[in-house]
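The values are calculated or read from the model by the stated rules, or taken from the named source; none is laboratory data. Keep in mind it's a predicted model, so treat the numbers as computed, not measured. Counting neighbours? That spans all protein chains shown, and the Cβs are built from the backbone with ideal geometry, glycine included. For accessibility, only protein heavy atoms count, side chains too; no ligands or nucleic acids. Shrake-Rupley method; radii C 1.70, N 1.55, O 1.52, S 1.80 Å.
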Amino acid sequence: SHAPMLLKDRAVPLNMMFAISDTAYVNLKSRYRITVLIIFILVCLFSLFSAWILRRMVSPSLMQLLSYSEAIRAGRINAVYRKGQIIELNEVGTAMEAMVESLETANREKGYLRKYLTHILDSMPSILVGINTEGLVTQWNRGAENATGLTSAQALGSHIKEVFPRLSREMPRIEKAMKAGRPVAAPKAVYTENGNQQFEDITIYPLMADGMEGAVIRMDNVTDKVKMEEVMIQSEKMLSVGGLAAGMAHEINNPLAGVLQNASVLSSRLSDTKLKANLKAAQEVGISMADIKRFMEQRNVPLLLSAINDSGKRMATIVNNMLSFARKSDDQVSSHHIP
């Protein structure tokens with residue numbers, strides 16, 4: 001500011017002008033340093049104070065949010081989030097509460113579906129056993145519990161050979177089903193229980209979806225069915241025998257009738273002394289019926305004819321029984337008003 005004056009006033013030396021400028025510069029520099037230092041100190045103090053204020057305000061809410069997240073991670077979904085003074089953190093906590101509520105709803109639905117599926121499997125009369133590729137049990141329904149006496153908690157995670165010994169022989173089929181990716185059946189497999197022979201149908205279904213590999217083994221006791229089939233086969237055999245018996249009865253009945261009729265006629269012609277045809281025939285050959293009768297009695301011919309007649313009647317009864325068996329008649333006698 002003094003430069004124009006110094007230039008006009010030639011009496012002021014130039015070295016004096018530069019000396020004054022250096023002194024002002026040094027003073028200005030000192031004041032600038034002091035001002036910067038003061039500002040720096042004030043900024044630091046303000047920062048510390050702000051940090052202290054933020055810590056007092058944010059730390060409780062943040063710690064509460066961290067505690068709430070740890071409780072959720074530990075599975076305590078019924079934990080309660082306490083709101084603090086920071087609105088943003090409260091919003092985060094509210095969002096986490098909504099998320100926890102959704103998870104709780106999903107867990108309830110998952111638990112319901114799991115129980116529902118368990119009840120369905122337990123209500124089935126079949127034995128259902130699920131295993132993984134290593135042969136370890138992953139599913140064990142009520143039928144399996146009744147068959148082995150082991151609960152689901154005891155069987156899960158154990159090898160199928162240990163908890164269901166009679167399935168040891170089915171391991172080749174189980175491996176075949178899992179490798180081929182198609183069901184394998186073993187109908188009417190025989191086993192012994194309490195000294196009695198039992199039959200069961202075994203079907204092995206492979207699991208090859210959503211990364212789950214293994215198999216489901218279904219076992220159905222078909223002992224009554226097999227026995228019923230045997231009874232039906234025997235009944236069919238008996239029906240065939242009945243048809244054969246009916247045919248034989250008809251074929252036997254015709255010659256039997258001839259035997260009985262001829263035996264009766266023979267007895268009448270040889271022993272009836274009053275029959276005119278007998279008397280006439282005896283007179284023509286010059287013999288009396290009394291002599292013929294005495295000869296017949298002497299040789300026991302009437303007894304033989306009687307035996308023939310009795311045997312024929314028994315045969316007729318047998319034939320009649322065979323026809324009755326073949327017909328399976330269910331006739332019933334009842335009354336009815338004729339008009």
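Against the numbered list (1) modelled with pLDDT under 90; (2) in contact with a helix residue (DSSP H, G or I) (Cβ under 6 Å, 6 or more places away or on another chain), ILE204 comes up short only at (1). Of all the numbered requirements in (1) at pLDDT 85 or above; (2) open to solvent by 50 Å² or more (accessible area, probe 1.4 Å), ASP272 misses one, and that requirement is (1). Among the residues examined, ARG173 qualifies as under 19 Å from the mean Cα position of the chain (by Cα), open to solvent by 70 Å² or more (accessible area, probe 1.4 Å) and among the charged types (D, E, K, R).
For the stretch 219-242, which residues satisfy the criterion of being open to solvent by 80 Å² or more (accessible area, probe 1.4 Å) and not in a helix (DSSP H, G or I)? Within the stretch 219-242, ASN221 is the sole residue that qualifies.
Taken over the stretch 255-277, the criterion of being of a type in the set (S, T, N, Q) and over 28 Å from MET315 (Cβ atoms) is satisfied by THR273 alone.
If the condition is being outside any strand (DSSP E or B) and in contact (Cβ under 8 Å) with a residue 40 or more places away in the chain, then the stretch 116-140 contributes PRO125, SER126, THR133. Against the condition within 26 Å of PRO172 (Cα to Cα), in contact with a Ser or Thr (Cβ under 9 Å, 6 or more places away or on another chain) and crowded, with 17+ Cβ neighbours inside 10 Å, how does ILE204 come out, does it pass? Spelling it out, it is not the case that ILE204 is within 26 Å of PRO172 (Cα to Cα), in contact with a Ser or Thr (Cβ under 9 Å, 6 or more places away or on another chain) and crowded, with 17+ Cβ neighbours inside 10 Å. Within the stretch 258-268, the set of residues being open to solvent by less than 60 Å² (accessible area, probe 1.4 Å) and either among the basic types (Lys, Arg) or in contact (Cβ under 8 Å) with a residue 24 or more places away in the chain (or both) comprises LEU260, ALA263, SER267. The condition of being modelled with pLDDT of 90 or more and either more than 30 Å from LEU323 (Cβ to Cβ) or within 15 Å of the chain's Cα centre (by Cα) (or both) holds for only one of ALA215, ALA153, that being ALA215.
Looking across the stretch 96-144, the residues that are open to solvent by less than 60 Å² (accessible area, probe 1.4 Å) and either farther than 29 Å from GLY181 by Cβ or touching a Cys at 6+ places or on another chain (Cβ under 8 Å) (or both) come down to MET96, ALA98, VAL100, THR105, ALA106, GLY111. Out of curiosity, is ALA245 open to solvent by less than 60 Å² (accessible area, probe 1.4 Å), in a helix (DSSP H, G or I) and either hydroxyl-bearing (Ser, Thr, Tyr) or touching a Leu at 6+ places or on another chain (Cβ under 9 Å) (or both)? Criteria met by ALA245. When the stretch 208-256 is filtered for residues that are within 30 Å of PRO125 (Cα to Cα) and of a type in the set (Val, Ile, Thr), the ones remaining, listed by number, are VAL216, ILE217, VAL222, THR223, VAL226, VAL231, ILE233.
Of all residues in the stretch 141-159, those satisfying the criterion of being farther than 18 Å from SER126 by Cβ and in a helix (DSSP H, G or I) are ALA153, GLN154. Evaluation of GLU230 against the conditions (1) at pLDDT 90 or above; (2) acidic (Asp, Glu); (3) out of contact with any strand residue (DSSP E or B) (no Cβ under 6 Å at 6 or more places or on another chain) shows that the sole unmet condition is (1). ARG76: charged (D, E, K, R), over 30 Å from GLY181 (Cβ atoms), open to solvent by 100 Å² or more (accessible area, probe 1.4 Å) and at pLDDT below 65, yes or no? It is true that ARG76 is charged (D, E, K, R), over 30 Å from GLY181 (Cβ atoms), open to solvent by 100 Å² or more (accessible area, probe 1.4 Å) and at pLDDT below 65. Restricting attention to the stretch 289-333, the residues being at pLDDT 85 or above, in a loop (DSSP other than H, G, I, E, B) and of a type in the set (Ser, Thr, Tyr) number 0.
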